[in-house]
Amino acid sequence: MSLPPVSLPASSSTSSLTPSSTSLHAPLRGPVARWLRVVGVSLIAVASCTAIAGGPPMAGMPRLGPVFPPVPAAVSMPRDGAAHSPLPFEDTPTTARIRERGRILLGYRQTAVPFSYVDAHDQPMGLAWALCQRIVPALQKAMGMSELRSTPVRVIEQMRGPLVRGDAIDIDCAPSTVTAEREQQVAFSLPYYAANVRLMVRRGAGIEGIDDMRGLRLAVVQGTTAERLVRAQHAGTGFQLLMARDYDDAFRMLRERRAQALALDDVLLEGLRATSRTPHAYRIVGKPLADVPETYALVLPKDDPAFKALVDAALAEMFRSGEMAQLQRESFHAGVPPHGHSLALAPSADVLALWEKGAAYGAEQEASAKSVPQATSPAGF
């Protein structure tokens with residue numbers, strides 16, 4: 001719970017709140033005595049609240065789950081026009097590195113449509129990339145930097161973890177599923193999207209789900225959660241597994257009929273269909289391969305909760321303002337190179353639930369930042 005700074009009147013000073021050495025030996029009476037006692041109680045209350053600002057939540061305050069952690073007090077960012085100034089910013093390990101080099105390194109994918117891919121001019125675009133473009137100005141403002149440049153770094157699926165851990169990228173702006181295994185290596189932002197792993201096949205292939213894949217070839221991208229899910233069914237179903245290095249490589253296997261199906265998150269499968277000259281030649285089939293949806297988040301450096309809190313605060317504001325929904329519409333309706341097809345997908349109920357939770361998280365953090373417990377006077381004052 002972060003607190004606004006305590007402001008004293010311009011004519012006040014520390015000495016004006018402290019009785020002189022002679023007055024300490026004589027009891028104070030009347031209005032002055034009452035004023036000093038009330039001020040003393042108030043200052044003690046403020047000092048007590050400040051002391052616990054970084055500690056556990058106060059009794060009666062709501063506690064959110066691990067996906068939506070509390071924002072540390074040192075990184076609260078009041079909105080423009082707030083009645084108080086932000087607390088002095090203390091660099092985190094990640095912001096210190098960013099400040100030293102004068103730029104932030106953002107990872108992206110080449111073919112992860114519609115979240116992170118390149119346009120006809122080889123420039124990054126997509127929903128996850130757009131989120132990072134709005135997070136950077138928020139970081140710049142919080143850090144008090146007059147300028148903060150961003151540098152895109154192309155990343156393949158298998159290298160996102162090592163590159164984040166090795167400080168080669170500061171934020172991976174691509175669709176990455178939150179898993180307990182990955183959280184041992186990296187941190188994740190607030191989740192911003194949800195999807196289900198399914199199969200994509202050619203029309204007329206006679207495949208309606210993974211149970212129809214016996215003796216056939218199934219393509220999957222190495223290092224994805226889809227790989228883990230299909231491997232769990234590999235022995236029982238008896239299909240041949242073809243490993244691809246990225247999304248485009250996997251889709252090429254399906255287009256060229258080297259594989260009869262491709263397993264991947266359904267929204268990414270829709271993105272791959274949109275890159276084809278004939279999107280309607282492909283179908284997404286079967287029930288989800290997992291009982292719960294995959295949740296996407298931005299990948300961040302581990303063991304830097306203050307930096308994560310800065311990123312989460314920027315995302316939460318996008319959830320609350322409706323900007324997330326606007327960016328989703330723009331990204332999913334944009335013409336995808338090279339043929340200009342779009343996805344035209346509306347957010348699912350699972351996605352809307354994530355946005356609602358993110359908005360609630362932001363609202364609770366702002367309320368906590370603005371709330372200062374009121375001191376109560378002792379009996380008789």
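The values are calculated or read from the model by the stated rules, or taken from the named source; none is laboratory data. Quick caveat, the model's predicted, so the values are computed rather than measured. Using ideal geometry, Cβ is built from the backbone for each residue, glycine included, and neighbour counts are taken over all protein chains shown. For the accessible areas, the whole protein counts, side chains as well, though only heavy atoms, and no ligand, DNA or RNA atoms are used. Shrake-Rupley method; radii C 1.70, N 1.55, O 1.52, S 1.80 Å.
Taking only region 214-224 into account, find how many residues are in a loop (DSSP other than H, G, I, E, B) and either buried (at least 24 other Cβ atoms within 10 Å of the Cβ) or acidic (Asp, Glu) (or both). Talk me through it step by step, then tell me what you get.
Restricting attention to region 214-224, the residues satisfying the condition of being in a loop (DSSP other than H, G, I, E, B) are 214-216, 222-224.
The next check asks that each one be either buried (at least 24 other Cβ atoms within 10 Å of the Cβ) or acidic (Asp, Glu) (or both); those that pass are 224.
Residues meeting the conditions: 1.
What is the number of the single condition among (1) part of a helix (DSSP H, G or I); (2) out of contact with any Asp or Glu (no Cβ under 7 Å at 6 or more places or on another chain); (3) open to solvent by 20 Å² or more (accessible area, probe 1.4 Å) that residue 99 does not meet?
So residue 99 meets the others, but not (2).
Residue check, residue 279 against (1) out of contact with any Leu (no Cβ under 6 Å at 6 or more places or on another chain); (2) crowded, with 17+ Cβ neighbours inside 10 Å, all met but one. Which one?
Failed condition: (2).
When residue 178 is evaluated against the numbered criteria (1) open to solvent by less than 10 Å² (accessible area, probe 1.4 Å); (2) within 17 Å of the chain's Cα centre (by Cα); (3) under 30 Å from residue 276 (Cα atoms), which criterion, by number, is the only one it fails?
Evaluating residue 178 over (1) open to solvent by less than 10 Å² (accessible area, probe 1.4 Å); (2) within 17 Å of the chain's Cα centre (by Cα); (3) under 30 Å from residue 276 (Cα atoms) leaves (1) as the failure.
Restrict the check to region 262-277 and report whether at least one residue is among the acidic types (Asp, Glu) and either touching a helix residue (DSSP H, G or I) at 6+ places or on another chain (Cβ under 8 Å) or free of Cβ contacts under 8 Å to residues at least 24 places away in the same chain (or both). I'd like the intermediate steps shown before the answer.
Taking region 262-277 first, the residues among the acidic types (Asp, Glu) are 265-266, 270.
From what's left, either touching a helix residue (DSSP H, G or I) at 6+ places or on another chain (Cβ under 8 Å) or free of Cβ contacts under 8 Å to residues at least 24 places away in the same chain (or both): 265.
Within region 262-277, one or more residues are among the acidic types (Asp, Glu) and either touching a helix residue (DSSP H, G or I) at 6+ places or on another chain (Cβ under 8 Å) or free of Cβ contacts under 8 Å to residues at least 24 places away in the same chain (or both).
Here are some residues: 369, 359. Which one is within 23 Å of residue 321 (Cβ to Cβ), open to solvent by less than 60 Å² (accessible area, probe 1.4 Å) and at pLDDT below 90? Before you say what the answer is, go through the steps one by one.
Working: 359 fails: at pLDDT below 90.
Every option except 369 fails the conditions.
To keep it simple, each residue is scored yes or no on (1) part of a helix (DSSP H, G or I); (2) aliphatic (A, V, I, L, M); (3) on the phi > 0 side of the Ramachandran plot.
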site: 129; (1), (2), (3): yes, no, no
site: 145; (1), (2), (3): no, yes, no
site: 180; (1), (2), (3): no, yes, no
site: 204; (1), (2), (3): no, no, yes
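Residue by residue, here is whether (1) basic (Lys, Arg); (2) outside any helix (DSSP H, G or I); (3) within 30 Å of residue 311 (Cβ to Cβ) holds:
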| position | (1), (2), (3) |
| --- | --- |
| 153 | no, yes, yes |
| 158 | no, no, yes |
| 163 | no, no, yes |
| 173 | no, yes, yes |
| 207 | no, yes, no |
| 212 | no, no, no |
| 229 | no, no, yes |
| 235 | no, no, no |
| 258 | yes, yes, no |
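Which members of region 332-359 meet the condition of being under 21 Å from residue 288 (Cβ atoms) and either in contact with a helix residue (DSSP H, G or I) (Cβ under 7 Å, 6 or more places away or on another chain) or small (Gly, Ala, Ser) (or both)? Working first, answer last.
Applying the first criterion (under 21 Å from residue 288 (Cβ atoms)) to region 332-359 yields 332, 343, 345-355, 357.
The answer is 343, 345, 346, 347, 348, 349, 353, 355.
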